[in-house]
Amino acid sequence: MILLISDLHLEEKRPDITRAFLRFLETRASGAEALYILGDFFEVWIGDDGMTPYQHQIAAALRALSESGTRLYLMHGNRDFMIGQAFCREAGCTLLSDPHIATFGGERVLLMHGDSLCTRDEGYMRLRRLLRNPLSLFILHHLSLARRQKLAQKLRSTSREETRMKASDIVDVTPDEVIRVMRKHRVRTLIHGHTHRPATHSLQIDGQAARRIVLGDWDRQGWALQIDESGLHQAPFDLD
């Protein structure tokens, strides 16, 4: 059994999500072959050197699952793209590039966070290119923790306000970009998060059936995609 989750946005202000996630690790994820976390695991991440006791607690819980035999994989999201190797070593997980090709049941599957597919949101795409630029990342990592914290709070506040004002199709994936990326990587299945719109979309690529699976976010309920001998299944569950 393989599990995939995304968009937990973990933070101390949401102890309900934290409790649900820790319980998820101890129950459903226990004994899984692998757990993939496809971005926005944390609500914000200002750098491994700024880890809080709360974040160390989450890392310790992941480490316990890893040491039990479950392989752990983590992908950056738009909220936590500054997670680095120090956290991954502490948590016992492997940091994946975005996009990443995995093989499930003999099928090549494309894994992404999903924000890079939202090309109609031109303002966000410009900001993404700026923040992910190696020079920008170098500068960010060398700012003081206090300045990074203030910058993160400003970016979150601006993002929330702009998202509320944008049309729903602007902040969703661009269909043509989905097809382009899947064709480029020669896959018929794409799994991503980011949009908080869990669903399975049927596609046609070059005359062949394909599918795009969107992982649900953890807010009023949790979501997990399970891959086992019977196929792929995503379903919500209560946080409490």
Any residue on another chain or 5+ positions along whose placed amide H is under 5 Å from the amide H of HIS76 is listed here as LEU96
Relative packing of peptides 67-80, 179-192, 13-26, 129-142 - highest average C-beta neighbours within 10 Å first: 67-80, 179-192, 13-26, 129-142
Out of ALA59, ALA235, THR174, whose Cα points farthest toward the positive end of the dipole of the chain (charges: +1 Lys, Arg; -1 Asp, Glu; placed on Cβ)? THR174
Straight-line reach from LYS184: which aspartates and glutamates have Cα under 17 Å away, leaving out those fewer than 8 places along the same chain? ASP98, GLU107, ASP176, ASP206
Quick shape check on the stretch 54-196: root eigenvalues a ≥ b ≥ c of the Cα gyration tensor, a/c under 1.5 is rounded, otherwise prolate if a/b tops b/c, else oblate, and it reads oblate
What is the set of long-range amide H partners of ARG120 at a cut-off below 5 Å, with H atoms built 1.01 Å from backbone N? THR174
Helix-only mean residue ellipticity at 222 nm, the chain, DSSP H runs n ≥ 4 weighted -39,500 (n - 2.57), per residue, nearest 500. What is it? -11000 deg cm²/dmol
Calculate, for the chain, the solvent-accessible area per residue in square angstrom, rolling a 1.4 angstrom probe over the heavy atoms of the protein chains. 50 Å²
Cβ charges +1 (Lys, Arg) and -1 (Asp, Glu), total dipole of the chain, debye: 680 debye
Send over the Kirkwood Rh of the chain, from the inverse of the averaged 1/r over different Cα pairs, rounded to one decimal Å. 18.5 Å
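Carbon-plus-sulfur fraction of the accessible area of the stretch 21-88, 1.4 Å probe, in percent?
About 50 percent, which is the carbon plus sulfur part of the accessible surface.
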Work out from phi, with θ = phi - 60° and the Karplus expression 6.51 cos²θ - 1.76 cosθ + 1.60, the ³J(HN,Hα) of each residue of the stretch 84-89, listed in order in whole Hz, and give x for Gly and Pro. x, 5, 5, 4, 5, 5
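The values are calculated or read from the model by the stated rules, or taken from the named source; none is laboratory data. The structure presented is a predicted model; accordingly, all values stated were derived computationally and were not measured. So basically every Cβ, Gly included, is an ideal-geometry build from the backbone, and we count neighbours across all protein chains shown. Accessible surface is based on the protein model in full, side chains and every heavy atom, while ligands, DNA and RNA are left aside. Shrake-Rupley method; radii C 1.70, N 1.55, O 1.52, S 1.80 Å.
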